[in-house]
Amino acid sequence: MGSNGNGGLSPIRRHYNFCAGPAALPAAVLERARDELLDYQGRGLSVMEMSHRGEDFVAIAEQAEADLRELLAIPDNYRVLFTQGGASLQFAALPYNLLGAGGRANFLHTGIWGKKAISEARHLFGDVHVAASSEENGHSAVPRQEDTVLSADAAYLHYTANETIGGLEFDYIPGSEGGGPRRPDGSEVPLVCDMSSSLLSGPLDVSRFGVIYAGAQKNIGPAGLVVVIVRDDLLDQARSDMPTLFGYKALAEAGSMVNTPATYSWYLAGLVFDWLKSDIGGLAAMDAINTRKAARLYAAIDGSGLYANPITLRNRSRMNVPFVLADPRLDRPFLDEAEAAGLLNLKGHRSVGGMRASLYNAVPEAAVEALIDFMADFEKRRG
Ligand SMILES: *Cc1c(COP(=O)(O)O)cnc(C)c1O
C-alpha cells in the first residue's frame, strides 16, 4: 500500500483511505508530526502541551496563516480566522455576523449541506430566501446562474461549492462579471461559501467572496478546526445579540485566540500547508493532480456495466465521487472485498447509500489506480 510512514521502525501498514471526513492526511505530514510529537524542535515538549500564547505556538500559528495566504493568494483586505465548532457552527455564526443591518439570508440549495445551512438560518432568524435550487433535478446539476433570483432584501448569498454527500460541484462562482451576486435592483451582496470539501483542491479567486469557510477535516487537517476567510468590511455587520465566540471581529482582533484555540489541529494544518507548498508545488500543481485522479475514476465508472454516477458531467465533484452498483446486493461484498484489499471507507453516506470515494488532496494517485483495478476485477468476477 501507500507510503507506510513507519521510518523502518515497526511494521506499520497504511491502507488507502477514501473517507469523506475526517479524511486521509499526507503520510509526510504524519511522519513529521510523529517526529516532533514528544519534543518539538528541541523545546522538550509537544505542541499539544504548549501555551497558545507562548512564543513558539504563536510562531507556528503565524506561519500557518502566512502559508495559507501564499497558497491561495489571499488579498490583504481579508482576515483569516482559525476557529472551532465545525463547519456546522458557521451555519449559525454567519447569519449572526452578517444580518446586523437586517435583511434576509439568501441561499442556493444544492444538497444536504446547503440544506442544513438553510435550516439553521431559518431556525434562528425565521425567514430565509432560496434564490435557486437543484431539488427538482434531484441535485444532479447545479442551478444555472440565470435562474438565480435574489430577494430585494438579500443580505448575502450562501452556497456550497462542493456538496460532499451528493458529489455535486459548482463549475462557476455565482455572481456578476467581476463582482458579487446582485439583488433585483442591481445592488451587490457579499457571496458566502461553504468550501469544507473543496478549499485547497486548486487555485481560487478569493476576491470574489465575502466569506469563505471550511471545516478542516476534509482537505486541511484534523477535525477540531475551521478556517474562515472574511473580507474586512464585513466585520462590522454583526447583530449585537451574537455569542462572543461566534464573532468574526472579535476573533480577528484576538488573532483567533478569544479563548484557547484547537492548537494541535492548527499546527497540523500548518504542516499540510507546508506540504502543499514544498512537496506538491502549490495549488496549480495540486489542481492538475486532482483533475487527473477524478477523470480516471469517472472514466472507469462510465466505461463499466456495473457502476454508475448520476451527476451532470460539468458538475461532477473532483473530491467526492459517489457511485452505485447495478445490483445493490453486491454492495456488501464490494465493501468487504475492498476492505480486504486495503481500500477503506468506500461506503456512501448513510442518507444516500451506494458507494463514495473521496479523493482529497492527500489521497495519492496510486490509491485511485488501486481502486480502479479493484473495481474492474470485482466487475469481472461478480458483475
Ligand atoms: C463536512 C461538511 C460540513 C460539516 O462539517 P462539520 O465540521 O462536521 O460541522 C459542512 N459542509 C460541508 C460541505 C461538508 O463537507
Any idea how far apart E70 and S140 come out in nm if each label point goes 7 Å out from Cα toward Cβ?
-> 4.5 nm
With label points built 7 Å along Cα→Cβ from the Cα atoms of D377 and A285, find their separation and express it in nm.
-> 3.1 nm
Cβ-placed point charges (K, R +1; D, E -1), dipole of the chain about Cα centre in debye, nearest 20 = 860 debye
For the stretch 282-382, fraction of C-alpha pairs farther apart than 20 Å, in % = 33 percent
For the stretch 68-184, with +1 on Lys and Arg beta carbons and -1 on Asp and Glu, the positive-most of P181, P95, N162 along the dipole | P95
Using only Cα atoms, locate the centre of the stretch 21-51 and the centre of the stretch 332-356, then give the distance between them in Å, rounded to an integer.
-> 30 Å
What is the distance in Å between the Cα centres of the stretch 281-310 and the stretch 139-158?
-> 28 Å
May I ask you to derive the relative contact order of the chain, considering only C-alpha pairs under 8 Å and at least 6 residues apart, and to give it as an integer percent?
-> 22 percent
Between the stretch 357-383 and the stretch 206-222, the Cα center-to-center distance that results, in Å | 27 Å
Helical segments meeting 15 Å axial Cα length and Kyte-Doolittle -0.5 threshold in the chain (DSSP H) = 55-72, 86-98, 112-125, 263-275, 283-302, 365-382
Taking the Cα centre of the stretch 254-383 as origin, sum charge times position over the Cβ atoms of Lys and Arg (+1) and Asp and Glu (-1), and report the length of that vector in debye to the nearest 20.
-> 380 debye
With only Lys, Arg, Asp and Glu charged, each at its Cβ (+1 for the first two, -1 for the last two), find how big the charge dipole of the stretch 191-275 is about the Cα centre; round to the nearest 20 debye.
-> 180 debye
Greater than 22 Å apart at Cα, pairs in K218/K249; K116/K293; K218/K293 | K218/K249; K116/K293
What FRET efficiency would be calculated for the residue pair Q63, S240, taking the C-beta separation as r and a Förster radius of 45 Å, to the nearest 0.05?
-> 0.80
If you take the charge dipole of the chain about its Cα centre, with +1 on Lys and Arg Cβ and -1 on Asp and Glu Cβ, which of P333, T110, H52 is farthest toward its positive end?
-> P333
So between A152 and R329, what do we pick up on full extension, going 0.36 nm a residue minus the alpha carbon distance?
-> 58.7 nm
Which values, in whole Å and largest first, are the semi-axes of the equivalent ellipsoid of the stretch 40-277 obtained as the square root of 5 times each eigenvalue of the Cα gyration tensor?
-> 31, 19, 16
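Coordinate-derived values only; no laboratory data. These numbers come from a predicted model, not from an experiment. Glycine also receives a Cβ, built like all others from the backbone with ideal geometry; neighbour counts cover every protein chain displayed.
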